[in-house]
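Read the structure below first, then the notes.
Every number in this text was worked out from the coordinates using simple rules, so none of it is lab data. None of these values were measured; they are calculated from a predicted model. Here the Cβ is made from the backbone with ideal geometry for all residues, glycine too, and neighbour counts use every protein chain on show.
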Amino acid sequence: MKISIITVSYNSAFTIRDTIESVLNQTYPNIEYIIVDGLSSDNTVNIVKEFEPQFKGRLSWMSEKDLGIYDAMNKGIQIATGDIIGIINSDDFLCDQCAIEKIIQIFKENKLLDSVFADLYFISQQDKSNIVRYWSIGLQKMFKYGWHPAHPTLFLKKEVYEKFGLFNISLKLAADFELMLRFFEKYHISSYYLQEPLVKMRIGGASNKNIISIISQNVECMRAFKLNGIKVNLILYPFFRILPKLLQFKSKH
């Protein structure tokens with residue numbers, strides 16, 4: 001079973017080395033690694049070129065202008081040839097060398113399964129050992145109550161994208177949420193919850209760098225419900241979703 005891992009980047013020289021190394025060091029051998037760069041002006045592309053020989057033909061990359069992070073993700077999905085697709089951003093990295101092997105084993109044991117998701121660590125931007133929050137996803141619930149998978153830990157069969165579509169690039173901060181909402185609640189894909197952290201994500205991405213970004217993302221999330229014809233309480237939903245986000249800035253694990 002082949003898996004495609006996609007990393008999108010833009011001026012990610014400070015972090016992308018960790019991302020690439022976490023993929024390179026995986027014990028599972030049948031990995032296609034795709035890096036989609038948005039024409040970085042820093043050293044990002046040189047770092048990618050540095051690692052390219054170590055993948056021995058399993059790494060492909062491009063660097064060109066795009067319409068944002070979700071457009072770049074769509075480009076990666078469209079050229080991916082794996083049975084399974086995972087997206088690990090350039091400021092995230094896999095927790096351990098067996099992460100992909102665990103994912104593949106679940107898919108092999110559950111032939112009709114559409115997706116696997118897992119828990120996630122939020123870590124400090126400057127200190128990888130500083131875990132700011134442990135996001136325990138929990139078993140699937142209704143999105144309108146604030147639940148959803150952590151997108152960097154979500155692995156999907158390629159056929160799910162082929163059947164139900166790619167990222168909606170009109171959403172700048174919550175296209176990943178809209179895609180998951182569409183897949184899980186509109187089309188009812190099947191899923192498996194791996195109850196352990198699979199990815200470490202740096203605090204400070206476009207959607208979680210400050211409270212304003214979190215609020216803006218939540219506005220887009222409510223738009224996502226409307227786009228998919230799913231009813232949600234517009235007054236209560238922000239509390240279901242924002243409160244855990246606010247608590248993450250205080251909690252440690």
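Taking the Cβ of VAL232 as the center, what net charge do the other residues with Cβ under 12 Å away carry, scoring Lys and Arg +1 and Asp and Glu -1? Result for the local shell: +4.
Provide the gained length on full extension for the span GLU159 to LEU39, in nm with one decimal, where the gain is 0.36 nm per separating residue minus the Cα-Cα distance. If you can, show how the numbers build up before the last one.
Values: separation 120, 0.36 × 120 = 43.20 nm, distance 2.91 nm.
Between GLU159 and LEU39, full extension yields an extra 40.3 nm.
Relative to the Cα centre, the charge distribution of the stretch 145-207, modelled as +1 at Lys and Arg Cβ and -1 at Asp and Glu Cβ, gives a dipole magnitude of about 120 debye. Here, the stretch 70-188 is characterised by an Rg to Rh ratio of 0.94, where Rg is the alpha-carbon radius of gyration and Rh the Kirkwood radius. Qualifying chymotrypsin sites (Phe, Trp or Tyr not before Pro) in the stretch 124-232, where qualification requires a DSSP coil assignment and no more than 14 other C-beta atoms within 10 Å, comprise TYR187. First select every other residue whose beta carbon is under 11 angstrom from the beta carbon of GLU220; then total the charges, Lys and Arg +1, Asp and Glu -1. Charge balance in the 11 Å sphere: +1.
Summing Cβ point charges (Lys, Arg +1; Asp, Glu -1) relative to the Cα centre of the chain gives a dipole of roughly 840 debye. Charge tally for ASP66 (other residues, Cβ to Cβ under 11 Å; Lys, Arg +1; Asp, Glu -1): -1. Each of ILE34, PHE14, ASN46 was scored by the projection of its Cα onto the charge dipole of the stretch 11-62, and the greatest displacement toward the positive side belongs to ILE34; charges sit on the C-beta of Lys, Arg, Asp and Glu.
Take every Cα pair under 8 Å whose residues are at least 6 apart in sequence, average their separation, divide by the length of the stretch 143-197, and the relative contact order is 35 percent. DSSP finds beta bridges in the chain, and of those with both partners inside it, around 30 percent are antiparallel.
Sites listed here are trypsin sites (Lys or Arg not before Pro) in the stretch 76-177 whose DSSP assignment is loop and whose Cβ has at most 12 other Cβ atoms within 10 Å: LYS111, LYS141. Its Cα gyration tensor gives the stretch 1-62 an equivalent ellipsoid. The semi-axes, each the square root of 5 times an eigenvalue, are 20, 11, 10 Å from largest down.
Calculated FRET efficiency, LYS56 to LEU112, Cβ-Cβ distance, R0 = 30 Å: about 0.35 to the nearest 0.05. Rounded to the nearest 20, the Cβ-based charge dipole of the stretch 1-143 about its Cα centre (Lys and Arg +1, Asp and Glu -1) stands at 300 debye. Derived from the Cα gyration tensor, the three semi-axes of the equivalent ellipsoid of the stretch 1-120 are 24, 15, 13 Å, largest first.
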